[in-house]
């Protein structure tokens with residue numbers, strides 16, 4: 001019995017050693033493969049890794065651990081968005097009521113085929129290589145406005161809180177905000193904020209390109225670089241400042257590399273020439289949807305006919321609420337993934 005027991009234990013130990021060796025080999029192969037991707041000849045992976053990390057608020061260390069500041073800056077410089085140097089020509093936006101069932105393409109058909117019981121908006125699921133999200137077509141832009149936290153300058157609020165207070169049918173995150181420690185309370189929106197024709201905040205710009213993104217008194221989406229006083233004088237009723245601009249007057253920005261923003265959750269806003277407004281939110285940092293880059297945003301918005309379009313704050317800020325329910329999959333953490341923020345696009 002003793003001899004049998006020793007043989008059994010010896011066999012078990014031998015199997016354990018083989019398993020440990022196998023796991024060690026796997027670990028070494030994993031480390032080698034990762035090191036090869038980080039420092040090897042595949043520039044696309046390094047571009048993805050660095051730009052994705054550097055455009056987050058709390059994960060920039062993932063780039064800085066492995067690369068020098070000089071190399072990071074070099075990669076960021078080779079991945080950028082070169083915007084169209086124009087402001088919106090509002091005369092090109094002509095509101096239209098359709099009486100025909102002839103469509104330009106499948107995307108146009110999706111937009112113009114309204115739900116029988118809902119003539120205000122339509123939700124369209126979108127997807128591409130590595131991402132999934134939601135496009136909301138809003139047929140009456142006069143019902144779109146900017147809402148803010150009621151504690152502006154002190155702390156932000158969640159999109160659900162603001163949506164309920166505003167009695168909003170649709171709510172989406174808007175501009176960026178001052179976040180020096182990557183854990184701020186969303187109190188200070190970057191750039192100028194105009195709500196209901198009044199200047200409600202005017203803090204330093206986010207320096208992400210773009211400029212004013214807002215609706216004028218004719219309910220046309222205006223993209224342009226101007227001062228707060230110029231915006232008010234030009235009849236801008238609701239606006240934030242952010243960017244980059246993706247499409248201006250039907251002309252698409254040139255995206256160099258991946259645009260310098262990496263792959264992440266995204267939010268964007270656009271308007272077609274017929275006046276229909278597009279809210280776009282892309283899920284990211286989850287298994288079913290890694291996220292989108294600037295090229296993906298341009299592709300989706302262009303497909304659905306955006307004549308003017310701009311990037312909004314993304315990452316953990318990308319959030320979409322319809323009828324007081326979270327539609328996308330926010331990734332800010334906590335029980336519902338939401339983050340306190342200062343500004344929101346709402347449809348009432």
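The values are calculated or read from the model by the stated rules, or taken from the named source; none is laboratory data. Fair warning: this is a prediction, and the values are worked out from it, not measured in the lab. Note that we place each Cβ from the backbone using ideal geometry, even for glycine, and neighbour counts take in every protein chain shown.
Some notes on this structure:
- Breaking point among (1) crowded, with 24+ Cβ neighbours inside 10 Å; (2) touching a strand residue (DSSP E or B) at 6+ places or on another chain (Cβ under 6 Å); (3) over 15 Å from residue 247 (Cβ atoms), for residue 270: (3)
- Any hit, the range 155-164, residues being in contact (Cβ under 8 Å) with a residue 24 or more places away in the chain, surrounded by fewer than 16 Cβ atoms within 10 Å (Cβ to Cβ) and assigned by TED's automatic domain parsing to the domain that holds residue 323: yes
- Hey, residue 262 at pLDDT below 95, under 24 Å from residue 134 (Cα atoms), crowded, with 23+ Cβ neighbours inside 10 Å and in contact with a helix residue (DSSP H, G or I) (Cβ under 8 Å, 6 or more places away or on another chain) or not: yes
- Just one residue in the set 196, 219 is out of contact with any strand residue (DSSP E or B) (no Cβ under 7 Å at 6 or more places or on another chain) and either surrounded by fewer than 21 Cβ atoms within 10 Å (Cβ to Cβ) or at pLDDT 95 or above (or both); that residue is 219.
- Some residue of the range 268-281 being more than 21 Å from residue 120 (Cβ to Cβ) and at pLDDT 95 or above: no
- Within the range 276-298, one or more residues are closer than 18 Å to residue 147 by Cβ and more than 11 Å from the chain's Cα centre (by Cα).
- The residues of the range 248-259 that are in contact with a helix residue (DSSP H, G or I) (Cβ under 8 Å, 6 or more places away or on another chain) and at pLDDT below 90, listed by number, are 257, 258, 259.
- In the range 308-329, residue nearest to residue 120 (Cα to Cα) [restricted to those that are buried (at least 23 other Cβ atoms within 10 Å of the Cβ) and touching a helix residue (DSSP H, G or I) at 6+ places or on another chain (Cβ under 7 Å)]: 321
So that you can scan it fast, the table gives a plain yes or no per residue for (1) crowded, with 18+ Cβ neighbours inside 10 Å; (2) farther than 20 Å from residue 271 by Cβ:
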residue: 99; (1), (2): no, yes
residue: 104; (1), (2): no, no
residue: 109; (1), (2): no, no
residue: 123; (1), (2): no, no
residue: 135; (1), (2): yes, no
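- Between 251, 220, the distinction of being in contact (Cβ under 8 Å) with a residue 60 or more places away in the chain and over 26 Å from residue 291 (Cβ atoms) belongs to 220 only.
- Filter result for the condition that a residue is surrounded by 17 or more Cβ atoms within 10 Å (Cβ to Cβ) and either under 24 Å from residue 260 (Cβ atoms) or modelled with pLDDT of 80 or more (or both), over 94, 46, 64: 46
- Any hit, the range 157-176, residues being over 24 Å from residue 217 (Cα atoms), at pLDDT below 95 and over 17 Å from the mean Cα position of the chain (by Cα): no
- Exclusive hit being within 26 Å of residue 134 (Cβ to Cβ) and in the same structural domain as residue 109 (by TED's automatic domain parsing), set 257, 197, 191, 235: 191
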